Amino acid sequence: MDRLSDAAVEQFIAVRRDIHRHPELAFNERRTAALVAAQLGAWGFEVTTGLGGTGVVGQLKRGTSDRTIGLRADMDALPIAEATGAAWASCHHGVMHACGHDGHTAMLLAAAQHLATLGNFEGTLNLIFQPAEEGGGGALKMMEDGLFERFPCDAIFAMHNMPGMPQGQLVFRSGPTMASSDYATVILHGHGGHGAMPHKATDVVVAAASLIMALQTVASRHVDPMQPAVVTVGAIHAGEANNVIPAEARLEISVRALDPQVRRSMEQRIRELVRLQAESFGVRAEITWRPGYAVLVNDAQQTARALAVAQKHFPPEQINPQGPMLTGSEDFAFMLERVPGSYLFIGNGADGEPGACMVHNPAYDFNDLNIAPGAAYWIALVLDLLSPNP
């Protein structure tokens, strides 16, 4: 299997740390996008910028084959104040690469350089560097800008690091893999009053407390226990004083499922609960439902192909052929609704080891030891799927 040289590994660790030091939030990845575009252009890729705002696509064609594949990496950071203490820590207060997108970008760039200079393949390789994965729906924005019309792909793949899994382990899963994510804001309207005379008010705080408890039954009593589902009330805002019954309470809710039908059923049940709970306390409820990311479903055939590449080039102990479903969400799901493909994971470090700190945590950092195996896997996938002798 083609692997990066030690010099190339060090080169792209430096690239990763440079991106980490200069994080950019969704749709503001201008410096990162410029870095990516310049590197791809220098290696002979045909570069297109501005897709989905700050997205970049590098295309490399070899031979006369009409086969095409796409590889995607995300570029955006999160609005979190970094606490790693690393020499390459963020220079922008309150913004950090807390999910490893800096590493994903560096791994794909490392593979791009190797494939451009040493890769022997037949077909078209589309490298997609996407903005705004962290809730911004950058995948949809790139698709709205004609991503797959301009850069058709027979199959598409993406890789995400995962703390808690052994460093460098490649984890595959066929079928539903990551959850949908929907969000609801519930506002309860009542009649405020004096805390000493609750009978002269309609108490939205008590109604909100009852609703929060009732929402816990959606996953535990409404959904088939064999189906993963999560309902989380992440915020409640009501009142300011201990002797005043407020006239309004607001709840912020997130809802996740790994089956589209369960997703629809949960929305219906939550709407019913909100209405009925409000009526039972004599308050009025309004609910705003915001659909988020779809269920990420890996195509069985393309996942089998991706797994076969790993089994051919990596030792068995470095491969998990059917990892667990995860209740996190990912907008690569929208790309998989358009193009068959697969989303895999690379372990960032098992529990108790370096790299085990979970993503979206101020102490998280991408494990630089993954640059080499991550890039090697991308190289192997391209050379096998676009082999001159299929």
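The values are calculated or read from the model by the stated rules, or taken from the named source; none is laboratory data. Bear in mind the structure is a predicted one, so any value in this text is a computation, not a measurement. Note: areas computed on protein heavy atoms with side chains; ligands, DNA, RNA excluded. Shrake-Rupley method; radii C 1.70, N 1.55, O 1.52, S 1.80 Å.
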Two-decimal log10 I(q)/I(0) for the range 95-136, as the Debye equation yields it once each C-alpha is a single scatterer, q = 0.20, 0.29, 0.31 Å⁻¹ | -0.73, -1.10, -1.18
Row for the range 1-160, column shape: gyration tensor on C-alpha, a ≥ b ≥ c, rounded if a/c < 1.5 i.e. under 1.5, prolate if a/b over b/c, else oblate; value oblate
Using only the Cα atoms, work out Rg/Rh for the range 91-217, with Rh taken as the Kirkwood radius, to two decimals.
-> 1.19
For the range 285-390, diffusion coefficient by Stokes-Einstein and Kirkwood Rh (Cα), 20 °C, 1.002 mPa s, µm²/s | 131
Excluding ligands, DNA and RNA, the carbon-plus-sulfur percentage of the accessible area of the range 1-60 with a 1.4 Å probe reads 48
Using only the Cα atoms of the chain, build the gyration tensor, take square roots of its eigenvalues as a ≥ b ≥ c, and label the shape rounded, prolate or oblate: rounded if a/c is under 1.5, else prolate if a/b is larger than b/c, else oblate.
-> prolate
In whole percent, what relative contact order does the range 233-390 give with Cα contacts below 8 Å and a gap of six or more residues?
-> 17
For the range 237-295, fraction of C-alpha pairs farther apart than 18 Å, in % | 47
Can you give me the span-like helices of the chain, meaning DSSP H runs with 15 Å or more of Cα extent along the axis and Kyte-Doolittle mean at or above 0.5?
-> 30-42, 204-217, 371-385
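Compute for the range 78-147: radius of gyration divided by Kirkwood radius, i.e. Rg/Rh, restricted to C-alpha atoms, rounded to two decimals.
Values: Rg = 15.8 Å, Rh = 14.7 Å.
Rounded to two decimals, Rg/Rh equals 1.08.
What part of the accessible area of the range 348-390, given as a whole %, is carbon or sulfur when the probe is 1.4 angstrom?
The nonpolar share, carbon plus sulfur, comes to 57 percent.
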In whole percents, the bins of 10 Å from zero upward hold the Cα-Cα pairs of the range 1-56 as 21, 44, 30, 5
State whether the range 17-101 is rounded, prolate or oblate according to the following rule on the C-alpha gyration tensor (a ≥ b ≥ c being the square roots of its eigenvalues): a/c under 1.5 gives rounded; otherwise a/b larger than b/c gives prolate, and the remaining case gives oblate.
-> prolate
Note: the range 130-173 at 25 °C, 0.890 mPa s; Kirkwood Rh on alpha carbon pairs; Stokes-Einstein D in µm²/s works out to 191
Which semi-axis lengths, in whole Å and largest first, follow from the square roots of five times the eigenvalues of the Cα gyration tensor of the range 166-286?
-> 36, 16, 10
Whole-number percent relative contact order across the range 70-134, with pairs defined as alpha carbons under 8 Å at least 6 apart = 52
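How high is the relative contact order of the chain? Use alpha-carbon pairs under 8 Å, at least six apart in sequence, and give a whole percent.
25
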Which whole-angstrom value gives the distance between the alpha carbon centres of the range 49-112 and the range 320-361?
-> 15
How many Å² of accessible area per residue for the chain, probe 1.4 Å?
-> 41
